[in-house]
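Worksheet: one structure, shown below.
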Amino acid sequence: MTTSPNISGKKHRNFSTKAITLNALLLSVSMLFSYVEFLIPLVPSIPGIKLGLANLIFLLLIYNSRIKEAIYINICRILLSGILFSGLFAIIFALAGAIFSMSIMLLLRKCRFFSIIGVSMAGAVAHNMGQLVIALFLVATPKLFYIAPYLIISGCIMGILLGFTCHILMMKLPKNILNKES
């Protein structure tokens, strides 16, 4: 990505065709993952428990120094999948969880103390807790606290599985496919 002055003298960003194509492809894959999650409810009696497959794209991007793209793709995915598959309330819950989750994952990634599996696990738990906070705010019933342990446990399990999958993908993908410089 380069910057160049336009007619007014202000700088704007020029995105390469490769960068635009890669981001569109990654958004499409994350949308596909969201659709698969929509079709396969894991535990119908406990709302909020999902595989978190779309976070695989976010993890891949933040571990390849593409943080802005990761945030942009994640938010676009949430908005589009909410519009297409689940509705306004799902968008509100998903955005709350994603903002909390992305913040935690970026913070833990930056401190470099945690592995990709630890970052993924913390992000999954944070996503579930962000959604629980919104549910508590909207529904205002303390009975929702009863599902917190299930959300924490499922977040740990799914986060570990997703982090492990991301680790394997990063070893198998060509080294420069997601890097900013490529």
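The values are calculated or read from the model by the stated rules, or taken from the named source; none is laboratory data. Remember, predicted model here, so these are calculated numbers, not experimental data. To get the accessible areas, we keep the full protein, side chains included, count just its heavy atoms, and leave off ligands, DNA and RNA. Shrake-Rupley method; radii C 1.70, N 1.55, O 1.52, S 1.80 Å.
Got a number for carbon plus sulfur as a percent of segment 27-122's accessible area, 1.4 Å probe?
Working: 3720 of 4940 Å².
For segment 27-122, the apolar C and S fraction of the accessible surface comes to 75 percent.
Tell me, what is the 1.4 Å probe accessible area of SER16, in Å² to the nearest 10?
Near enough 60 Å² of accessible area.
For the cross-link pairs LYS50/LYS175; LYS68/LYS175; LYS110/LYS175; LYS110/LYS172, which exceed 28 Å when the distance is taken from alpha carbon to alpha carbon?
Pairs exceeding 28 Å: LYS50/LYS175.
Would you list TYR35, TYR72, TYR146, TYR63 from the most to the least accessible area, probe 1.4 Å?
The residues order as TYR146, TYR72, TYR35, TYR63, largest area first.
Counting only heavy atoms of protein chains, what accessible area per residue, in Å², does segment 101-182 have with a probe of 1.4 Å?
Accessible surface, normalised per residue, equals 61 Å².
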